[in-house]
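This report refers to the structure that appears directly beneath it.
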Amino acid sequence: MGSIKRLEAALHRYAVLLAFALLPSAAATAQTVQLLNYEEIHKPVVSEGGMVVSQSGYASDVGAQVLRDGGNAVDAAVAMGFTMAVTLPRAGNIGGDGYLLIRLADGRAAAVDFRSMAPALAKLDLYVDQTGKLQGHNAGIRTAGVPGTVAGLALAHRKYGRLPWKRLLAPAIRLADEGMVLTPDEAFALDWGRRRLARSDAGAKVFLHGDGSALRAGERLVQSDLAWSLRQIAEHGADAFYRGEIANRIDAGMRANGGLLRKEDLAAYRAIEREPLRSSYRGHELLTMPPSSGGGPGVAMTLNILENFDLASMGAGSADALHLIAEASKRTWRDRQAYVRDPATGRIPLEGIVSKAYGASRAKEIRMDRATPARQVRAGDLWDQESHETTQFSAADREGNVVSATYTIGADFGSGMMMEGTGFLLGNLIGNFSLQAQLDAAHAGSKPPANALRAGARPVSSMSPTILLRDGKPWLVTGSPGGNTIPGTVVQMIVDVVDFGMNIAEATSFPRIHQTMGADGELQIERGFSPDTLRILRGRGHAIKQGQTIGSTQTLLLTGNHVEGAADPRRPGAAAAVQ
């Protein structure tokens, strides 16, 4: 027995020495020092070169190969984005939209906004039934906005990519043409969404059998029309989608089926390069998405509130820490709701959003012994400071360029509508406008909400790809799908790493919470928290509800000459891949 213990001790010492040997200096972070020891259950993937991480193992392999072929992080992200349009039809897309955050090794940074836009024909009245209630705003052909994904990926590649455009689309074209054998998870998703997928004949022919049942695990999903669309984009660039034959097919399908999207809407669309929203958290510079993202401002404001508390002393998963995250999230949500909009439709108090003084003032409102009911939380005065289905992928190359990208088609399988001959589903992003609040305001004769539906406007999104810098260099690259849960998920990833010293694999697997803002103000929790902790939270007035998993972060951490990656186990098929 003694020899076994000595062997275990020797192995432990060897693991620790090996961990240090991999480090560039003794000043390496605590997260990295712990990579190979036996004190931590979860450990990240490690690479001395570049790395990518996404919800699709195949897409991650494609991104890693792009890096091996001399591409940079932007090239890898573009290739993964197009590949997931094939491998992840419930969320990956060229018929939806999203955001892409870039930080280059030379210090330049960019936020690419390729959020959908409302068609010129879109009006609130079209989504109100004869009884005055909203209808038809969550699924169906009229929920499709002008897709932004192709324009966004093309803009990022044109300005910051390196490899030829056709090279980046080639893996996606090949897979769509040859088909992929469905895993049990992929087949389950198709079965779950079969009613939505049956909304259009074109979509049903791709994903369903003739009897209406979904393709099964082990069967091959071939997407020939999608391969055609991708070839058009590879040959003719984004113009093929917005002004070419793809646009003609979208227009024809819309007119034939009562849709609102027209060739003119597509031709007028532009992805926009914006300045990232900049803030800080405990000495780390924060880069996140600005509006039209509401998620980026949500991340920045929540962290500014939490920075006023000593979270590290409270401990990960403690009642005090969870209470503070929930209370900060309530205040952030109300401010976002009141002020964030498409920048093209009005002014936004960006200085107030990132104001440390404003964060401190909101922190003073929080009582540690009692939760504030969500319905009682009001927006603050940000001008006073002035002078669910989505997917995330991240990339870092050996030169120090990093990308965090989040894109979506809205709900699982978006609108459920596929225009004949195109091969891709269109998103249902019209439902992301504040339609009910707009309808209520119209009835009351009051001012419409900031996120009101307007022709040509971009709906506010919770997507919030985020990068944290340490000593002026990219350090933590993260983001998540999950609708309204996204900002809180990103915040918890940052807090778990910065405040609680977890490595990114631990932080990825650690249980999460989400504060809802409905009438009940439920605090949603994942499995894994102590019953004692939950009892304390209930005693403070939190309405605890345990349900589905929250988010799916795909995270990279750069330290010295190494990259660490962690794919979220909450979504099957996610994987990190090294250069």
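The values are calculated or read from the model by the stated rules, or taken from the named source; none is laboratory data. The model shown is predicted, which means the values in this text are computed figures rather than measured ones. As a convention, Cβ positions derive from the backbone with ideal geometry for all residues, glycine included, and neighbour counts pool all protein chains shown. All accessible areas refer to the heavy atoms of the entire protein, side chains included, with ligands and DNA or RNA removed. Shrake-Rupley method; radii C 1.70, N 1.55, O 1.52, S 1.80 Å.
Structure values in brief
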item	result
Virtual spin-label span in nm between SER446 and GLN65, 7 Å along Cα→Cβ	5.6
Estimated dipole of the chain in Debye, rounded to 20 [Cβ of Lys and Arg +1, of Asp and Glu -1, Cα centre]	680
Where Rh is the Kirkwood radius over Cα pairs, Rg/Rh for the range 85-234	1.03
Under 20 Å between alpha carbons - lysine pairs in the chain that sit 8 or more apart or on different chains	8
Values of log10 I(q)/I(0), in the order q = 0.13, 0.24, 0.25 Å⁻¹, for the range 505-579 under a Debye, Cα-only, solvent-free model	-0.53, -1.08, -1.13
Rounded Å value of the spacing that divides the Cα centres of the range 64-142 and the range 534-579	22
With all protein chains modelled, accessible area of HIS562 [1.4 Å, Å²]	20
Hydrodynamic radius by Kirkwood, which averages 1/r over all alpha carbon pairs of the chain, in angstrom	24.1
Theoretical FRET efficiency, 1/(1+(r/R0)^6), r = Cβ-Cβ of ASN561 and ASP310, R0 41 Å, to 0.05	0.80
Segments 540-550, 323-333, 427-437, 77-87 sorted - mean Cβ within 10 Å per residue, highest first	77-87, 323-333, 427-437, 540-550
Calculated [θ] (222 nm, deg cm²/dmol) that DSSP helices of n ≥ 4 give over the chain, each run adding -39,500 (n - 2.57)	-11000 deg cm²/dmol
R0 of 25 Å, Cβ-Cβ distance THR549-ARG367: FRET efficiency to nearest 0.05	0.25
Accessible area, probe 1.4 Å, largest first, for residues VAL66, VAL128	VAL128, VAL66
Separation of alpha-carbon centers, the range 201-260 and the range 339-409, rounded to whole Å	36
Ordering of 115-123, 204-212 by packing [mean C-beta count within 10 Å, highest first]	115-123, 204-212
ASP440 accessible area, assembled protein chains, probe 1.4 Å, Å²	80
Heavy-atom accessible area ranking, 1.4 Å probe, most first, across GLU365, GLU48, GLU526	GLU48, GLU365, GLU526
Nitroxide proxy distance, nm - points 7 Å out along Cα→Cβ at SER224 and ASP185	3.0
Area accessible to solvent at ARG270, 1.4 Å probe radius, in Å²	130
Translational diffusion of the range 28-137, µm² s⁻¹ [Kirkwood Rh, Cα pairs; Stokes-Einstein; 37 °C; 0.692 mPa s]	183
